[in-house]
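Enquirer: This structure is in structure tokens; I'll ask about it shortly.
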Amino acid sequence: MSTTIHPHIPHIPHIPHTPNDPHQNHLLAALPTDELERLYPHLELVSMPLGKILCGSGCKLNHVYFPTTSIVSLLSITKCGGSAEIALVGSEGIVGVALFMGGDSMPQQSVVQSAGYAYRLKGQLLIQEFNQVEPLAQLLLRYTQALLTQIGQTAVCNRYHSVEQQLCRWLLLTLDRLSSNELTMTHELIANMLGVRREGVTEAASKLQRAGLIQYHRGHITVLDRPRLETRVCECYKVVKKEYDRLLPDTNTM
């Protein structure tokens, strides 16, 4: 994501503006200066390789993650091993909302979908700050509301809309969290994310490629015409985007 600090976000002089800056995460960037200064010594920059499991289903949460250049998928896993993505978390958000919502585990599995970096913070410290700092609490609660909208709309989309529409929604939501129009993802992995058959994803992707909207080659997807892709997507994408725009600080990416 761009490291440009938006005018409404105060710059902290002693925090170096590096390729991995806390300001790249929009929740951290939106915090009051004194609050971010207090958190900064406790933020640990961590690498987020593709496929890394941050937290398994039902496992105790010890940390929260603020992605900067990575994207994390929240997956529901069935007993028979099936999976479906219920939400994406990128630089707009935080992984581990259960901690400040009163729980210490999540029924979903958190897996890195797009490699990059994130800032990790001890869960107990976040809980302490959440209970004592009103601006932080309000910001995290607004984000949680937006995340719940994404989860609910994903369920609707998976039930009522075609695989092609689901793929368009997934591509657009992913692009909103990337700094380029290129994704590294196989049809099989996308099928696992959407909870559909691989053949369905291959057919849908082929239609989009023939229409000149995307280009797919050996696990690399390039979106060639985003405006036209937005005309093919169902209403679910706009519902989710509108809620993030309404509830969270202006980031020029969501």
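Enquirer: Given springs between every Cα pair under 10 Å in a Gaussian network model of the chain, which of HIS23, HIS217, HIS63 has the largest fluctuation?
Expert: In the Gaussian network model the winner is HIS217.
Enquirer: Moving to a separate point now. Starting from the Cα of LYS52, step 7 Å along the direction of its Cβ; do the same at MET101; then give the gap between the two resulting points in nm.
Expert: According to this spin-label approximation, the distance is 2.4 nm.
Enquirer: Separate question: Under 16 Å from the Cα of LYS60, which aspartates and glutamates turn up, not counting those fewer than eight places away in the same chain?
Expert: Output for LYS60: ASP104.
Enquirer: Here's another thing I want to ask about it. Spelling out what I want: for every residue of the range 95-108, take phi, set θ = phi - 60°, compute 6.51 cos²θ - 1.76 cosθ + 1.60 (Karplus), and round to whole Hz; glycine and proline get x.
Expert: Using θ = phi - 60°, the values come out as 9, x, 4, 4, 4, 8, 9, x, x, 10, 8, 10, x, 9 Hz.
Enquirer: At 222 nm, what value in deg cm²/dmol follows for the chain if DSSP H runs of at least 4 each add -39500 (n - 2.57) and the sum is divided by all its residues, to the nearest 500?
Expert: One gets -12500 deg cm²/dmol as the mean residue ellipticity at 222 nm.
Enquirer: Return one whole number: the accessible area per residue of the range 55-113 in Å², for a 1.4 Å probe.
Expert: Per residue, the range 55-113 has an accessible area of 34 Å².
Enquirer: Okay, moving on. Give me the net charge of ARG169's neighbourhood, meaning all other residues with Cβ under 12 Å from the Cβ of ARG169; Lys, Arg count +1, Asp, Glu -1.
Expert: So the environment of ARG169 carries a net charge of -2.
Enquirer: For MET106, what residues show an amide H to amide H distance below 5 Å, using hydrogens built from the backbone and excluding near sequence neighbours?
Expert: Long-range HN contacts for MET106: GLY58, CYS59.
Enquirer: Find the accessible area per residue for the range 139-178; the probe is 1.4 Å, ligands and nucleic acids are left out, and the unit is Å².
Expert: Ligands and nucleic acids excluded, the result is 34 Å² per residue.
Enquirer: Once phi is turned into θ = phi - 60°, what whole-Hz ³J(HN,Hα) does the Karplus curve with 6.51, -1.76 and 1.60 give for every residue of the range 42-47, x standing for Gly and Pro?
Expert: Computed from phi, the couplings for the range 42-47 are 9, 7, 10, 6, 10, 6 Hz.
Enquirer: Just check the range 176-227 against the gyration tensor rule for me: Cα atoms, a ≥ b ≥ c as the square roots of the eigenvalues, rounded for a/c under 1.5, and otherwise prolate or oblate depending on whether a/b exceeds b/c.
Expert: Judged from the Cα gyration tensor, the range 176-227 comes out oblate (a/c at least 1.5, b/c at or above a/b).
Enquirer: When only the heavy atoms of the protein chains count and the probe is 1.4 Å, how do CYS59, CYS157 rank by accessible area, highest first?
Expert: CYS59, CYS157
Enquirer: Please compute the length gained on full extension between THR186 and THR78, using 0.36 nm multiplied by the number of residues separating them and subtracting their Cα-Cα distance.
Expert: In short, 36.7 nm is gained.
Enquirer: Can you work out ³J(HN,Hα) from phi for every residue in the range 117-127, in order, using Karplus 6.51 cos²θ - 1.76 cosθ + 1.60 and θ = phi - 60°, giving whole Hz and x for Gly and Pro?
Expert: Once θ is set to phi - 60°, the couplings for the range 117-127 become 9, 8, 9, 9, 9, 4, x, 5, 5, 4, 4 Hz.
Enquirer: Considering only protein heavy atoms and a 1.4 Å probe, what is the carbon-and-sulfur percentage of the accessible area of the chain?
Expert: 52 percent
The values are calculated or read from the model by the stated rules, or taken from the named source; none is laboratory data. Keep in mind that what you see is a predicted model, and the values were worked out from it rather than measured. In this analysis, Cβ positions are derived from the backbone assuming ideal geometry, glycine residues included, and neighbour counts consider all displayed protein chains. All accessible areas refer to the heavy atoms of the entire protein, side chains included, with ligands and DNA or RNA removed. Shrake-Rupley method; radii C 1.70, N 1.55, O 1.52, S 1.80 Å.
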